[in-house]
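Notes follow the structure.
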Amino acid sequence: MIETDILIIGAGPTGLFTVFEAGLLKLKCHIIDGLPQPGGQLTELYPKKPIFDIPGYPSVNAGDLVDNLMEQIKQFQPGFTLNEVAEKIQKLDDGNFIVTTNKGTEHKAKAVAIAGGLGIFEPRKPVLKDIEFYEQDDRGVEYFVKDPEKFRGKKIVISGGGDSALDWSVFLSNVASEVTLVHRRNEFRGALDSVEKVQELKSQGKIKLITPGEVIGFSGSERIHSVDIQVGTARTTVECDYFIPLFGLTPKLGPIANWGLEIEKNAIKVNNALDYQTNIEGIYAIGDVNTYPGKLKLILCGFHEATLMCQSVYNKLNPGRKYVLKYTTVSGIDGFDGSRKEAEKAVVKSIE
Ligand SMILES: Cc1cc2nc3c(=O)[nH]c(=O)nc-3n(C[C@H](O)[C@H](O)[C@H](O)COP(=O)(O)OP(=O)(O)OC[C@H]3O[C@@H](n4cnc5c(N)ncnc54)[C@H](O)[C@@H]3O)c2cc1C
């Protein structure tokens, strides 16, 4: 059983920044995310896009913002349960919570912060006969590249025209024995530099490109052996060990929708006048996953909500103890890793 002060569900920017704000208050955090890596929408949907409305950054790539958040929270040593979906929640008589994932991992926490964004991302699947058979038990259809080593020395067919399809084709061209990228248009939707890289690898013979083309079927009795591809009016067959359709992800609120929380339009209602608590005491909802009058689904709003929520958890866990707000410029930061980052400047006016 993993034990922590605040269990955060969702490793998007809101969940990650919660670790920092909680750390300032000496509260330990553990994060669960259904995806194999932290970053939420930023990593999964637009890692290379610049964001222009993060205070203090005239422009920052989404992937870099996630890297910076990870660097900032390192000192507070958060735990991570990645690649697992928070499925069940139980409130104990003493007010603690037990959250169990789809893989049976149990987490005990004094407070739960749902930072689940738009929910669990589910892969968009191509409509192909028998695809369900090949999805199971390592029979050859994969929707995520969770561990690239799995594809070492294998023949891979990737389908899709966005960043994921391009980036994984590039990456796996150094891992797999053969990479074929199939896209139904000649133009790709992904970042220009990724398209250029794929074209370069094609000219070096490291990636086979089939456009416009569409995978229309499979063969292989026990596991996948080849895919059939429609190319204009012709058909071709490409031998492969794995077929990886990367057509994007659709978000769904998922199991959290059954936790007895008040839901409105696929989002969790919270008390925004105070602390972003839900209708169940001790369960908070912050970031894109919540709703209240005037709600804006923006990263900076998630950061603000996380900050106020942590203060509320601190007050609940330390009844009767008055918390005095301290600027980090004055107090510095005591990391849980033993590091002490000294305050660089004293502010003129003490707030105490
Ligand atoms: C293309 C695009 C561009 C954008 N540009 C901007 C911009 O310029 N500025 C801006 O401020 N915002 C922008 N946004 C919005 C911004 O990305 C979101 O506001 C932000 O990601 C919300 O962060 P979050 O941490 O609340 O949720 P998310 O980033 O959605 O992360 C939630 C995480 O929770 C996980 N999760 C959900 N349910 C469970 C569960 N039951 N168990 C385990 N894990 C779970 C998900 O897997 C996900 O990783 C953009 C969004 C998109 C799609």
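The numbers here are math on the coordinates, done by the rules we state, and not lab data. In this text the structure is predicted, and so the values were computed from the model without any measurement. Here the Cβ positions follow ideal geometry from the backbone for every residue, glycine too, while neighbour counts run over all protein chains shown.
Of all the options 60, 215, 330, the one that moves most in a Gaussian network model of the chain with Cα springs shorter than 10 angstrom is 330. Ordered by the count of other Cβ atoms within 10 Å of each Cβ, fewest first, 94, 228 give 94, 228.
The amide H of residue 268, built 1.01 Å from its N in the peptide plane, has 290, 291 as neighbours under 5 Å, considering only residues 5 or more places off or on other chains.
Selection among 215, 72, 291 by position relative to the dipole of the chain gives 291 as farthest towards the positive end (Cβ unit charges, Cα centre). Between residue 64 and residue 184, take the C-beta separation as r, use R0 = 35 Å, and let me know the FRET efficiency to the nearest 0.05. Once rounded, the FRET efficiency stands at 0.65.
Neighbour counts of C-beta atoms inside 10 Å place 168, 259 in the sequence 259, 168, starting with the fewest. You can think of it this way: the chain between residue 341 and residue 216 has 39.3 nm of extra reach, that is 0.36 nm per residue less the Cα-Cα gap. Taking other C-beta atoms within 10 angstrom as a stand-in for reagent exposure, 305, 196 fall in the order 196, 305, fewest first. Label-to-label distance for residue 53 and residue 146 is 3.5 nm, based on points extended 7 Å past Cα in the beta-carbon direction. Potential lengthening of the chain between residue 304 and residue 71 amounts to 82.0 nm, from the contour at 0.36 nm per residue minus the alpha-carbon distance. Residues whose amide H lies under 5 Å from that of residue 336, counting only those 5 or more places away or on a different chain, are 76, 77; hydrogens are built 1.01 Å from N in the peptide plane. Whole-Hz Karplus values for the stretch 310-323 come out as 4, 4, 5, 4, 4, 4, 5, 7, 10, x, x, 9, 7, 8 Hz, taken residue by residue from phi with 6.51 cos²θ - 1.76 cosθ + 1.60 and θ = phi - 60°; glycine and proline positions read x. Protection proxy ranking of 307-319, 231-243, by the mean of other Cβ atoms within 10 Å over each peptide's residues and highest first, is 307-319, 231-243.
Please compute the contact order of the stretch 125-245 in relative form: average sequence separation of alpha-carbon pairs under 8 Å and at least six residues apart, divided by the residue count, as a percent. Across the stretch 125-245, relative contact order equals 30 percent.
Relative to the dominant Cα principal axis of the chain, helix 192-203 is inclined by about 30°. Fully extending the segment from residue 122 to residue 177, taken as 0.36 nm per residue of separation minus the present Cα-Cα distance, adds 17.0 nm. Based on Cα contacts under 8 Å between residues 6+ apart, the chain shows a relative contact order of 18 percent. Listed values for the stretch 138-154 are Karplus-derived 3J(HN,Hα) couplings in whole Hz (6.51 cos²θ - 1.76 cosθ + 1.60, θ = phi - 60°), namely 6, 8, x, 9, 10, 9, 10, 9, 7, 9, x, 4, 4, 9, 4, x, 9, and x replaces Gly and Pro. If R0 is 30 Å, the Cβ-Cβ spacing of residue 106 and residue 324 corresponds to a FRET efficiency of close to 0.25. Got a sec? Which residues in the stretch 49-91 would a label at residue 26 touch, if it sits 7 Å along Cα→Cβ and we count backbone N under 17 Å? Zone members listed by number: 76-77.
Shown in residue order for the stretch 107-118 are the 3J(HN,Hα) couplings computed by the Karplus curve 6.51 cos²θ - 1.76 cosθ + 1.60 at θ = phi - 60°: 10, 10, 9, 7, 8, 10, 10, 7, 10, x, x, 7 Hz (x for Gly and Pro).
Amide H contacts under 5 Å for residue 87: 100, 101, 102, restricted to partners 5 or more places along the chain or on a different chain, H placed in the peptide plane at 1.01 Å from N.
Between residue 92 and residue 195, the simple label model (points 7 Å from Cα in the Cβ direction) yields a spacing of 5.5 nm.
Taken about its Cα centre, the stretch 125-245 carries a charge dipole of about 280 debye when Lys and Arg each add +1 at the Cβ and Asp and Glu each add -1 at the Cβ.
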